[in-house]
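Enquirer: My structure is below; once you've seen it, I'll send some questions.
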Amino acid sequence: MDTASLAMVYAVNSMEIKERHRPGEPVTHPGIYRVHHANHRPSHKSLVTTSVFPACEVCGSAVSYGDELAMPAKVSRSTKRDPKR
């Protein structure tokens, strides 16, 4: 495989790597995360709204969280309609 092909494979594989978070780390952006457990169940998506990533009740701190869909830090209320219109 030539150098250009190897660079393309590396770039594609790099895009697939997502940041992993561990229990006890702060949740900077509440949202939907992919939860990866230690062998007792398949990974799944979960809404995380707590201030820190929680431990699993079964596998404890062996769980990790991958980014899926972060929510905005604050939802603007400026889109309310004026009742007089």
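Rule-based calculations on the coordinates, nothing more; no lab input. All figures in this text were calculated on a predicted structure; none of them were measured in a lab. FYI the Cβ positions are ideal-geometry reconstructions off the backbone, even for glycines, and counts take in every protein chain you see.
Enquirer: Note down the nm distance, to one decimal, between modelled labels 7 Å out along Cα→Cβ at residue 46 and at residue 62.
Expert: So the label points at residue 46 and residue 62 sit 1.5 nm apart.
Enquirer: To continue, here is another question. Can you list residues from other chains, or at least 5 along the same chain, whose modelled amide H is less than 5 Å from the amide H of residue 63?
Expert: So residue 63 has HN proximity to 56.
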